[in-house]
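Structure record follows, encoded as structure tokens.
The values are calculated or read from the model by the stated rules, or taken from the named source; none is laboratory data. Since we're looking at a predicted model, the values are computed, not measured. Every residue, glycine among them, receives a Cβ derived from its backbone with ideal geometry; neighbour counts consider all protein chains shown.
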Amino acid sequence: MDTITKGRGTTGTGDIPLNAFLPPESPTDMTAQALRQFEPPPSPKFAPMWLRRIFVLTGTAILTAAGCYEMYRVLQVGGITVLESIILMLFVLLFAWIAFSFMSALAGFFVLLTGKKDELGIDAGAPLPAIKSRTAMLLPTYNEDPHRVLARLRAIHESVEATGRGAQFDWFVLSDTTDPAIWITEEKCFLRLRQDIGNSAALFYRHRPENIARKSGNIEEWVRRFGANYECMLILDADSLMTGDCIVRLVAGMEAHPKAALIQTLPIIVNARSLFARWQQFAGRLYGPMLAAGIAWWHGSEGNYWGHNAIIRIRAFAQYAGLPELRGRKPFGGHIMSHDFIEAALMRRGGWAIHMAPTLRGSYEESPPTLSDFAARDRRWCQGNLQHLALLPTRGFHWVSRLHLLTGIGSYLTSPLWLMFLVVGILVSLQAQFVRPEYFPKGYSLFPQWPAQDPVLAAWVFAGTMGMLIVPKLLSFVVLLTDRDARKKFGGGLLVLAGIITETILSGLTAPVMMIFQSSAVGEILFGRDAGWQVQRRDDGAISRRDLARTYSVPTMVGVAMAVAAYAVSVPLLLWMTPVILGLLLSIPMAMLSSAANRSSKLFQTPEQAAPPPVLARANELASAPHEPLACPLHELRRDTGLREAHLNSLSGQKPRKRGDVDPHLAIARARIEDAQTFEEAVGFLTARERLAVLKSPAVLANVFALPDRPDCKTDVPTA
């Protein structure tokens, strides 16, 4: 039998058969953490961050107080009504959110402008360090295109091997796939990848029969089975790309900081094809590094985790990051969806440091191709972040960890707050237009009282608010001007400035649409609707007219209603609300325009687009290689004996079902197969869920493969 010779490191796997998907297990304990009880360990001695945090929080408080005072002056003309009090309260909440982001961006500006060194000592310009520890590279996947996923994995593997440190890494594809055809295609692509890479590859594949707790459960199951043999694990996503240089420096950073549980990189968006994805890619590449530098500067050892492109110390993760199942029904109960924030908070609670390396380059991801896809992903994230409301009281969390949770929650609650602000603003204007003045108020007065605002001061408040949103973008531009090489790869200063202006306009037009989407999502979640677990679309982004009408009809109707209400009050109010109303009314044309392919335009050019790094070029080359889709998994297993043997071997390590635990889909499939006269007839009887159940059962697979072929059918030609 062909073998893959491990022959390196200390895992002791020996010779691994080519069709054996997993190495011998090396279990480690991992228990769910208690949320209401915790005995804190001795306080760790991490670098003090009080002065930095005082700067950010005090600056936020001062800006918010100033904005609140100016807004009060706008509204207090003639006395403040109940509706105006609500306006003031909503304004303070929204302005504080903007001020907080502004202060983090301002901190990042000074960090990058002064060339401050990385807090962890990770210097991308220094020679590549030697590493001693063993690291597991984990790639969880769920119903993704196997050809593209494994193309990216191969590119990362080749990049790591090129560093000369490849012997310190093992590679695991952790599948939670539920589509039968995709599952077998994963196995087929995996076997081909192992053959192509060669006999020195420590590359493994595991398919989990039950998708318990989604991605967090997928990682936890691997830690329990294989974690003891590794110091760290590096978590990838299905669209992740990382250079070998970046990966090795992350491992060296963990070795140099033994109290670090996690180091998170800043993933840069690549491979954008549609207009929407390209302006997201441009904005993330230009503004992202400054924002990341700012939050890393004041977060220090109390950083956050974004779920991928991060390295984690397995001992800290296993000891403190086990997630409990929340009480109650979905969407607030059940398994924790946005697990990454909570895992970081739990490890920090246990005395471990959570860091970010904002200036380390070589970490990449992809963006949803359209606003619709972005909103669909955002809906899932919204539910996960709102679920954190139940976790805020967790005992022992560091206050910065709680602030991370509040930030995630606030990023979605601000949308309904903004919508309320606009609606109440219209009501205030209606009140001022149609409510009769009070000619005989209580107390002595020479003049009647009626609702009124100072329009000139209101314009200045609006300008100040917009300035706090736009200035960070201009600060990023100033930072770019100091880097000649990066500026050239962006296309030059004038093109970048044009990109900033265009991106600001496009983002301003789509912001009201996202306000409606997020407000709707918050409402649905509060009323108990679960988002489920959808696969993110990663193609070019074409949208049908029916989907456009269905998705954007609500924002359009809200825009019409706002326009009518504003015009009923006055033309000046309509003009004042034009930016919001225009974005809502143009939601369908904007969705069509932004989903169109836009690859060749120089506008929104990024360095990775102008000069793709080798790992990106290699991944795209491998992903574009021609391949034939798999029509039927059972036909493919019957035709390919090597694939069938590998698939059966992968099932041998699965735990048997508990007595009395019957899979109804398998029972129905078994009955259908018994009634069939030929293999083709049996396959035609089975639904997708029944095929999945059959693929998990060696005994039933044997029964279906034992059936004879139809006389006029060739089994080497797959049929649907």
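For the reader, a short list of remarks on this structure follows.
- Subset of segment 573-605 that is part of a loop (DSSP other than H, G, I, E, B) and among the hydrophobic types (A, V, I, L, M, F, W, C) - its residue that is farthest from residue 517 (Cα to Cα): 603
- Search result, residues across segment 675-697 that are of a type outside the set (D, E, K, R) and in a helix (DSSP H, G or I): 679, 682, 683, 684, 685, 688, 692, 693, 694, 695
- Only a single item in (1) free of Cβ contacts under 8 Å to residues at least 12 places away in the same chain; (2) under 14 Å from residue 520 (Cβ atoms); (3) under 29 Å from the mean Cα position of the chain (by Cα) is not met by residue 557, and it is number (3).
- Residue satisfying all of: in segment 106-128; touching a residue at least 12 places away in the same chain (Cβ under 8 Å) and among the small types (Gly, Ala, Ser); surrounded by the most Cβ atoms within 10 Å (Cβ to Cβ) among these: 108
- Hey, residue 402 modelled with pLDDT of 95 or more, of a type in the set (Lys, Arg), within 21 Å of the chain's Cα centre (by Cα) and surrounded by fewer than 21 Cβ atoms within 10 Å (Cβ to Cβ) or not: yes
- A single entry from 261, 293 fulfils the requirement of being outside any helix (DSSP H, G or I), within 23 Å of the chain's Cα centre (by Cα) and buried (at least 23 other Cβ atoms within 10 Å of the Cβ): 261.
- Which listed residue, of 202, 181, is within 30 Å of residue 635 (Cα to Cα), in contact with an Asp or Glu (Cβ under 7 Å, 6 or more places away or on another chain), not assigned by TED's automatic domain parsing to the domain that holds residue 647 and not polar (S, T, N, Q): 202
Okay, residues lined up against (1) closer than 19 Å to residue 416 by Cβ; (2) touching an Asp or Glu at 6+ places or on another chain (Cβ under 6 Å); (3) at pLDDT 90 or above:
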residue: 531; (1), (2), (3): yes, no, no
residue: 536; (1), (2), (3): no, no, no
residue: 576; (1), (2), (3): no, no, no
residue: 581; (1), (2), (3): yes, no, yes
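- Hey, residue 211 within 20 Å of the chain's Cα centre (by Cα), surrounded by fewer than 23 Cβ atoms within 10 Å (Cβ to Cβ), in a loop (DSSP other than H, G, I, E, B) and in contact (Cβ under 8 Å) with a residue 24 or more places away in the chain or not: yes
- Looking across segment 55-107, just one residue is touching a Pro at 6+ places or on another chain (Cβ under 9 Å) and charged (D, E, K, R), and that is 84.
- Scope segment 391-432; condition basic (Lys, Arg) and outside any helix (DSSP H, G or I); matching residues: 395
- Residue 650, sole failed condition from (1) modelled with pLDDT under 90; (2) part of a helix (DSSP H, G or I); (3) under 30 Å from residue 505 (Cβ atoms): (3)
- Annotation note: Cβ proximity below 8 Å between a residue of segment 180-206 that is free of Cβ contacts under 8 Å to residues at least 40 places away in the same chain and a residue that is in a helix (DSSP H, G or I) (sequence gap 6+ or interchain) occurs for 182/146.
- Scope segment 453-476; condition more than 30 Å from residue 429 (Cα to Cα) and surrounded by 17 or more Cβ atoms within 10 Å (Cβ to Cβ); matching residues: 472, 473, 475, 476
- Residue 634 being surrounded by 13 or more Cβ atoms within 10 Å (Cβ to Cβ), over 30 Å from residue 162 (Cα atoms) and touching a Lys or Arg at 6+ places or on another chain (Cβ under 7 Å): yes
- Search result, residues across segment 203-219 that are of a type outside the set (A, V, I, L, M) and either touching a strand residue (DSSP E or B) at 6+ places or on another chain (Cβ under 8 Å) or closer than 27 Å to residue 161 by Cα (or both): 204, 205, 206, 207, 208, 215, 218
- Residues in segment 44-73 that are among the hydroxyl-bearing types (Ser, Thr, Tyr) and in contact (Cβ under 8 Å) with a residue 24 or more places away in the chain: 60, 64.
- Only one of the numbered conditions (1) more than 18 Å from residue 150 (Cα to Cα); (2) touching a Pro at 6+ places or on another chain (Cβ under 8 Å) is violated by residue 235, and that is (1).
- When the test is whether a residue is surrounded by 15 or more Cβ atoms within 10 Å (Cβ to Cβ) and over 28 Å from residue 413 (Cβ atoms), residue 613 passes it.
- Odd one out for residue 388, checked against (1) buried (at least 22 other Cβ atoms within 10 Å of the Cβ); (2) assigned to a loop (DSSP other than H, G, I, E, B); (3) without any contact (Cβ under 8 Å) to a residue 60 or more places away in the chain; (4) not basic (Lys, Arg): (2)
- Odd one out for residue 317, checked against (1) in a helix (DSSP H, G or I); (2) touching a helix residue (DSSP H, G or I) at 6+ places or on another chain (Cβ under 6 Å); (3) among the aromatic types (Phe, Trp, Tyr): (2)
- Scanning segment 121-141 for residues that are of a type outside the set (Gly, Ala, Ser) and either over 13 Å from residue 231 (Cα atoms) or not in a loop (DSSP other than H, G, I, E, B) (or both) turns up 122, 123, 127, 128, 129, 135, 137, 138, 139, 140, 141.
- Annotation: of all residues in segment 170-179 being free of Cβ contacts under 8 Å to residues at least 60 places away in the same chain and not β-branched (Val, Ile, Thr), the one that is nearest to residue 243 (Cα to Cα) is 171.
- Any chance residue 590 is within 24 Å of residue 411 (Cβ to Cβ) and under 21 Å from the mean Cα position of the chain (by Cα): no
- Flag for residue 149 being over 22 Å from the mean Cα position of the chain (by Cα) and assigned to a helix (DSSP H, G or I): no
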